[in-house]
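Take a look at the structure below.
The values are calculated or read from the model by the stated rules, or taken from the named source; none is laboratory data. Just so we're clear, the structure is a prediction, and the values are computed from it rather than from any experiment. Note that each Cβ is placed from the backbone with ideal geometry, even for glycine, and that neighbours are counted across all protein chains shown. SASA here: full protein model, heavy atoms, side chains in, ligands and nucleic acids out. Shrake-Rupley method; radii C 1.70, N 1.55, O 1.52, S 1.80 Å.
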Amino acid sequence: MRRMTDEPARWTEATVHPDMWADPDGDPRNHDKPAPDGERATLHDFLTNFRLTLRMKCEGLDPEQLARRSVPPSTMSLLGLVRHLAEVERDWRNWVTDADAEALPKLYGRRDADFDEAVAEQSAVEAAYADLEREQAATDAALAAFPDLAASVGKERIVLRELLVHRVEEYARHCGHADLLRECVDGRVGQ
């Protein structure tokens, strides 16, 4: 078990607000566009920002750092989170599939393989990001086909609004995990 003195020193790249990840001018989540108009656009804006946050928390790390399970006894790693969210995006797409359609298979196989099999190899990192981008785009497209947020869809008849809010919640929760994982990997802090 690591001793407290083995933990990396805390640091941030931000100079304007020391509790932030990046300065406002360098933060891709900050933009000069008008606020989103409507419920769907607002939910998608929040989702987009949490997706960017996860990527930012992973930037600048090598495969070993991304795959490191830095908060024992948890089996989570930043790479595992990327893989997990790719798996979850696919799962959400299955939720809206018609009852007679065959469900898409799991990306990584058995339960928890998304975390347990996140290995420190560049090819695994590249594959995880490719999986995430592909699954996000496919799920976004599948959900865009339903214009009414109050509609009950898929085999389970889930209300689309509930699914969209759950997507935001899932990314937000895992961005909190990413905060802790990253700080324990190299000491970088910030929201």
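Any residue in the stretch 165-191 that is in contact (Cβ under 8 Å) with a residue 60 or more places away in the chain sitting within a Cβ distance under 8 Å of a residue that is assigned to a helix (DSSP H, G or I) and of a type in the set (Asp, Glu)? List the pairs, counting only those 6 or more apart or interchain. Pairs found: VAL189/ASP179; VAL189/GLU183; GLN191/ASP179.
Pull up the stretch 43-67, narrow it to residues that are among the charged types (D, E, K, R) and outside any helix (DSSP H, G or I), then point me to the one that is most open to solvent (accessible area, probe 1.4 Å). Walk me through it before giving the result.
Applying the first criterion (among the charged types (D, E, K, R)) to the stretch 43-67 yields 45, 51, 55, 57, 59, 62, 64.
Narrowing further to those that are outside any helix (DSSP H, G or I): 59, 62.
Working: GLU59: 111, ASP62: 71 Å².
Restricting to residues being among the charged types (D, E, K, R) and outside any helix (DSSP H, G or I), the top hit is GLU59.
Against the conditions (1) modelled with pLDDT of 95 or more; (2) open to solvent by 20 Å² or more (accessible area, probe 1.4 Å); (3) not basic (Lys, Arg), ASP116 satisfies every one except (1).
Evaluate the stretch 145-154: report whether one residue or more is part of a helix (DSSP H, G or I), at pLDDT 95 or above, on the phi < 0 side of the Ramachandran plot and touching a Leu at 6+ places or on another chain (Cβ under 6 Å). Scanning the stretch 145-154, I find no residue that is part of a helix (DSSP H, G or I), at pLDDT 95 or above, on the phi < 0 side of the Ramachandran plot and touching a Leu at 6+ places or on another chain (Cβ under 6 Å), so the answer is no. When you scan the stretch 119-135, how many residues do you find that are buried (at least 18 other Cβ atoms within 10 Å of the Cβ) and under 17 Å from HIS44 (Cα atoms)? Qualifying residue count for the region: 2. Within the stretch 15-45, if we keep just the residues that are over 26 Å from ARG161 (Cα atoms) and among the small types (Gly, Ala, Ser), the residue that is modelled with the lowest pLDDT turns out to be GLY26.
Among the conditions (1) surrounded by fewer than 14 Cβ atoms within 10 Å (Cβ to Cβ); (2) assigned to a helix (DSSP H, G or I), the only one that LEU104 does not satisfy is (2). In this structure, ALA99 does not satisfy being more than 29 Å from GLY26 (Cβ to Cβ), assigned to a helix (DSSP H, G or I) and open to solvent by 50 Å² or more (accessible area, probe 1.4 Å). When the residues of the stretch 74-84 are filtered to those that are closer than 13 Å to CYS184 by Cα and in a loop (DSSP other than H, G, I, E, B), the one that is least open to solvent (accessible area, probe 1.4 Å) is SER77.
Please enumerate the residues belonging to the stretch 151-191 that are over 28 Å from ALA22 (Cα atoms) and open to solvent by 60 Å² or more (accessible area, probe 1.4 Å). Hits for the stretch 151-191 are LYS155, GLU156, ARG157, ARG161, GLU162.
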